[in-house]
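Working notes, beginning with the structure itself.
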Amino acid sequence: MEPAFWRARWAEHKIGFHEGRPNALLEQYLTRLDGRFRVLVPLCGKSEDLAFLAANGHAVVGVELVEDAIVQFFAEHALTPTVERLGDYAIYKAQEITLIAGDWFALTPELVGHVDAIYDRAALIALPPDVRPAYIAKLKTLVPPATWGLVISIDYAEGAWQAPPHAVGDAEVRGYFPAVELVSEQANTGGRIAENGVPATERCYSVQVC
Ligand SMILES: C[S@@+](CC[C@H](N)C(=O)[O-])C[C@H]1O[C@@H](n2cnc3c(N)ncnc32)[C@H](O)[C@@H]1O
């Protein structure tokens, strides 16, 4: 999806992906991130998962294209961030939450800082197939070797739903990472896909990024 697509979604408040509460799989498998302090959250929107991770003792660094989403996150949590502008990026910080406004694909490790774990909910599946390899390639440049994290995917029959979210199959996820453990696989019950009666499978993986 082009940046213009996402900017329009936010401007028109078409953010059905925003759960408004911590993701149930993150709540269930949070302990998989134990001992890993600073969590990178790609394509983070204004997810409640950011606050949930911070409330559970993690530092968080999220990356989001649409700056207004980040402004909304801090306002909704009654936090007053500092804002630093570096080239095309704006870095918002409050307490242990750092949110970087700007394009994922041009990020540098210096902007992101140290990362101990990753958490991907609705990031990989937000991207079309031809863009996903570049997303993963960038992710691998931003974390040290042997970094683990959680990835949540959705899978449905080709053509059953007009993306996003895109269907991402089990084999594709396994192809991106050197080590993958499927920790949960269940029928999808949330969001517009379920509301429209489209059968889909939600999977949660523990992955070694590189
Ligand atoms: C499906 S939403 C998921 C948001 C969040 N992970 C959640 O669970 O609510 C995908 C997000 O990725 C953002 N996005 C899309 N392309 C991006 C890019 N190139 N760089 C950074 N963020 C991007 C969009 O603005 C949108 O907020």
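The values are calculated or read from the model by the stated rules, or taken from the named source; none is laboratory data. This one's a predicted model, so the numbers in the text were calculated from it and none came from an experiment. Cβ: placed from backbone, ideal geometry, glycine included. Neighbour counts: every protein chain shown.
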Could you tell me which of the residues A146, A134 is assigned to a helix (DSSP H, G or I) and of a type in the set (G, A, S)?
-> A134
Would the range 84-94 turn up any residue that is within 9 Å of the ligand (Cβ to nearest atom) and within 28 Å of P129 (Cα to Cα)?
-> no
In the range 58-107, how many are within 29 Å of G35 (Cα to Cα) and basic (K, R)?
-> 1
Inspect all residues belonging to the range 72-79 and state whether any of them is under 12 Å from the mean Cα position of the chain (by Cα) and modelled with pLDDT of 95 or more.
-> no
From the residues in the range 101-119 that are within 14 Å of G149 (Cβ to Cβ) and touching a Leu at 6+ places or on another chain (Cβ under 7 Å), which one is nearest to the ligand (Cβ to nearest atom)?
-> Y119
Determine which member of the set Y92, Y119 is surrounded by 21 or more Cβ atoms within 10 Å (Cβ to Cβ), over 24 Å from E12 (Cα atoms) and of a type in the set (F, W, Y).
-> Y119
Every pair of residues 6+ apart whose Cβ atoms lie under 7 Å, when the first sits in the range 169-194 and is surrounded by 14 or more Cβ atoms within 10 Å (Cβ to Cβ) while the second is part of a loop (DSSP other than H, G, I, E, B) | F177/V209; G191/G16; I193/W161; A194/N188
Top-ranked residue in the range 134-164 [being in contact (Cβ under 8 Å) with a residue 40 or more places away in the chain and over 23 Å from L53 (Cα atoms); ranked as surrounded by the fewest Cβ atoms within 10 Å (Cβ to Cβ)] | A157
Could you list, in sequence order, all residues of the range 10-55 that are free of Cβ contacts under 8 Å to residues at least 24 places away in the same chain and either near the ligand (Cβ under 9 Å from one of its atoms) or basic (K, R) (or both)?
-> K14
Mind listing whichever residues of the range 102-115 are part of a loop (DSSP other than H, G, I, E, B) and of a type in the set (A, V, I, L, M)?
-> L107, V115
T31 fails exactly one of (1) loosely packed, with under 12 Cβ neighbours inside 10 Å; (2) of a type in the set (S, T, N, Q); (3) closer than 23 Å to I125 by Cβ, namely (3)
Is it fair to say I118 is in a helix (DSSP H, G or I), in contact with a Pro (Cβ under 8 Å, 6 or more places away or on another chain), among the β-branched types (V, I, T) and in contact (Cβ under 8 Å) with a residue 40 or more places away in the chain?
-> no
When (1) modelled with pLDDT of 95 or more; (2) exposed (fewer than 12 other Cβ atoms within 10 Å of the Cβ) are applied to P3, the one that fails is (1)
